[in-house]
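Accompanying notes for the structure given below.
The values are calculated or read from the model by the stated rules, or taken from the named source; none is laboratory data. Remember, predicted model here, so these are calculated numbers, not experimental data. Positions of Cβ are generated from backbone atoms using ideal geometry, with glycine treated the same way; all protein chains shown enter the neighbour counts.
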Amino acid sequence: MTHLFDDPEVFASAALQGFCDIHARLVRPTPGGVLRATATERGKVALVIGGGSGHYPAFAGYVGPGLADGAVAGDVFASPSTRLVHDVAAKAHRGGGVILGYGNYAGDVLNFGAAAERLRSAGIDARTLAITDDIASASADELAKRRGVAGDVAVFKIAGAAAEAGLPIDEVERVARRANDRTRSFGVAFGGCTLPGADGPLFTVPDGTMAIGLGIHGEPGISESPILPAAALAALLVDRLVQEAPSDSNARVAVILNGLGSTKQEELFVLWTSVADKLHAHGLVPVSPLVGEYVTSLDMEGCSLTLTWLDDELEAFWRAPCDTAVLTVGQIRSEPAAADEQTAEEAAAPITAGAPESQADGQRIAIGFARLADALKEAEAELGRIDAQAGDGDHGQGMARGSGAGAAAARQAADAGAGAATVLASAANAWADRAGGTSGAIWGLGLLAASQALSDQQTVDSAAVGRAAEQALNSVLTLGRARPGDKTLVDAFLPFVEALNAALADGQSATSAWAAGVAAAAQGAEQTKQLIPRLGRARPLAERSLGHPDAGAVSFALCSRVVLEFMGETDV
């Protein structure tokens, strides 16, 4: 159980503040994450890593000379928003380009990918690096679908050393991708983890058993087994990893025996003796092995084993000096403190007043968002229950947080005299920043695309409503990569837009057309009960969701219905 907190809503940010206070020699706070406290040379490639909070020492614990230049932190188990990734990376940039490293989870893929696009549009060479080391999450034939777990540390350590050595970005990326291609992880859990403020764990393991192949966000394992003695567990972990050794591997391996939050160091030492024996039995030589907590899952009981098959180049970078809060290797030369930089908030442009008719629409959008936030807060528990059928149960929480932040931002922009486009864009950015995760990214990107179909100078007419819906859908399809039948919100969103635009083409009013879309969305959400998820965290446990609707589709249908009720009141 996670006991020590004041307000669960700010657990992640409070923890980050405490971390920065304690490790001020190494890191300095920046909105959404941390940066290296020491100066770096101009022209150096910047490595910026990140993901959800709850995994300490990942990710802020690996910021420092010889490793990462910055880390972005989302809420607990939720991806940081596109804007935060962009802002931290832009500040870390020193002219040599930026590599964005993260675990291969849908929300991170969306947000880090979109941030890279923004950086490139601003003239910064940005590359993305999704870590795919977990052999339990997909077969060897689907390596790109594997998630990133403790192998993050091995790949980031090697990539950070390559960047510190002054290699150009093409070479740093090559080294990092080779390290990722040669890294494998496998783990077990003896008990689930508990989110701050939650009444119980995200999942449980029957007494005397262990979950095999767990994820670091509380996802259950792919199977269960009686708890094994240390020697037998070591054999299970090592044998499964060795089966996936790269075809051109040699005998030397970087090793990380990782505790997931509640497994004691002494237990890991006991396990290590058997792991080492088993590695030697396979003819493998451990190189600078690490034993301890490196990527955790709050208070989860369990452990994982990571192997990276080294060559001469990778081994040199694995053993290269670094100085971070958690990992120190050799000696790093001292550097002066980094200069303070303007924060994103300080650089934000003031809101420009819209035309009177667009200001009126902006006020209506703000009121509508407040209604939406109230409805999603009321539905939070039910959406979480639906999501927990095969996911991690946080969808309701994310939707409530995101819509609440969006409503507050919309109200602030409307009161400042913004037009409809700016009010909606403000809500979109705030939703993505606060919700985090996959749903936060999807809704933030979709709403932002919708805002670009509106204007701050003209009223929102039926044609604009249709354009906004279509642009939002196209953004979700392009960046989210989901398709009909994948069991996502697209299964409600696509029929909504098709029905809406068909009704508009028939000359119906915006309200009537929206009603047609709502009916189609509800039907689409209901039909997801018969689908099996093909994307996201629910995919490895797909069968568990059969017979249950998709939480994202249900929440989309709910949101469209709430908007319809408000449109009816305002006679759009």
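Name the single residue, out of those in the range 120-142 being assigned to a helix (DSSP H, G or I) and either in contact (Cβ under 8 Å) with a residue 24 or more places away in the chain or among the charged types (D, E, K, R) (or both), that is surrounded by the most Cβ atoms within 10 Å (Cβ to Cβ). Here the answer is Arg120.
Can you find a residue that is within 15 Å of Arg83 (Cα to Cα), acidic (Asp, Glu) and touching a Ser or Thr at 6+ places or on another chain (Cβ under 6 Å) anywhere in the range 472-491? So far as the range 472-491 goes, no, none of its residues is within 15 Å of Arg83 (Cα to Cα), acidic (Asp, Glu) and touching a Ser or Thr at 6+ places or on another chain (Cβ under 6 Å). Counting only helices (runs of 4 or more DSSP H) that sit wholly inside the range 429-543, those with at least 1 residues that are charged (D, E, K, R), at pLDDT 85 or above and not assigned by TED's automatic domain parsing to the domain that holds Ala73 are 462-480, 490-505, 510-527. Suppose the filter is in a strand (DSSP E or B) and buried (at least 24 other Cβ atoms within 10 Å of the Cβ); does Gly148 pass it? It is false that Gly148 is in a strand (DSSP E or B) and buried (at least 24 other Cβ atoms within 10 Å of the Cβ). Among the residues of the range 161-210, the ones that are more than 23 Å from Lys264 (Cα to Cα) and of a type in the set (Phe, Trp, Tyr) come to 0 in all.
For residues in the range 414-424 being buried (at least 24 other Cβ atoms within 10 Å of the Cβ) and among the small types (Gly, Ala, Ser), which is nearest to Ala353 (Cα to Cα)? Among those residues, the one meeting the criterion is Ala418. Of the strands (runs of 3 or more DSSP E) lying entirely inside the range 216-316, those carrying at least 2 residues that are modelled with pLDDT of 95 or more are 252-259, 285-292, 301-309. Residue pairs whose Cβ atoms lie under 8 Å apart, sitting 6 or more positions apart in sequence or on different chains, and linking a residue in the range 200-212 that is closer than 12 Å to Ser223 by Cα to a partner that is surrounded by fewer than 20 Cβ atoms within 10 Å (Cβ to Cβ) and among the polar types (S, T, N, Q), are Thr209/Ser225; Met210/Ser225; Ala211/Ser223; Ile212/Ser223; Ile212/Ser225. Does the range 183-194 contain any residue that is farther than 21 Å from Ala58 by Cβ and either part of a loop (DSSP other than H, G, I, E, B) or not polar (S, T, N, Q) (or both)? No - not one qualifying residue is present in the range 183-194. Leu531 passes every criterion in (1) more than 25 Å from His86 (Cβ to Cβ); (2) touching a strand residue (DSSP E or B) at 6+ places or on another chain (Cβ under 6 Å) apart from (2). In the range 179-190, the residues that are of a type in the set (S, T, N, Q) form Cβ pairs under 6 Å with partners that are in a strand (DSSP E or B), at six or more places apart or across chains, as follows: Asn180/Ile131; Thr183/Thr308; Ser185/Asp134; Ser185/Ser304; Ser185/Thr306.
Checked against the criterion of being more than 30 Å from Gln452 (Cβ to Cβ), modelled with pLDDT under 95 and either surrounded by 24 or more Cβ atoms within 10 Å (Cβ to Cβ) or touching a Leu at 6+ places or on another chain (Cβ under 9 Å) (or both), the range 331-344 contains one or more residues that satisfy it.
Restricting to the range 250-271, what's the tally of residues that are free of Cβ contacts under 8 Å to residues at least 40 places away in the same chain and either under 15 Å from Val188 (Cα atoms) or not assigned by TED's automatic domain parsing to the domain that holds Leu236 (or both)?
3
Can you confirm whether the range 152-173 contains a residue that is part of a helix (DSSP H, G or I), without any contact (Cβ under 8 Å) to a residue 12 or more places away in the chain and over 20 Å from Asp323 (Cα atoms)?
Checked against the condition, which is being part of a helix (DSSP H, G or I), without any contact (Cβ under 8 Å) to a residue 12 or more places away in the chain and over 20 Å from Asp323 (Cα atoms), the range 152-173 yields at least one hit.
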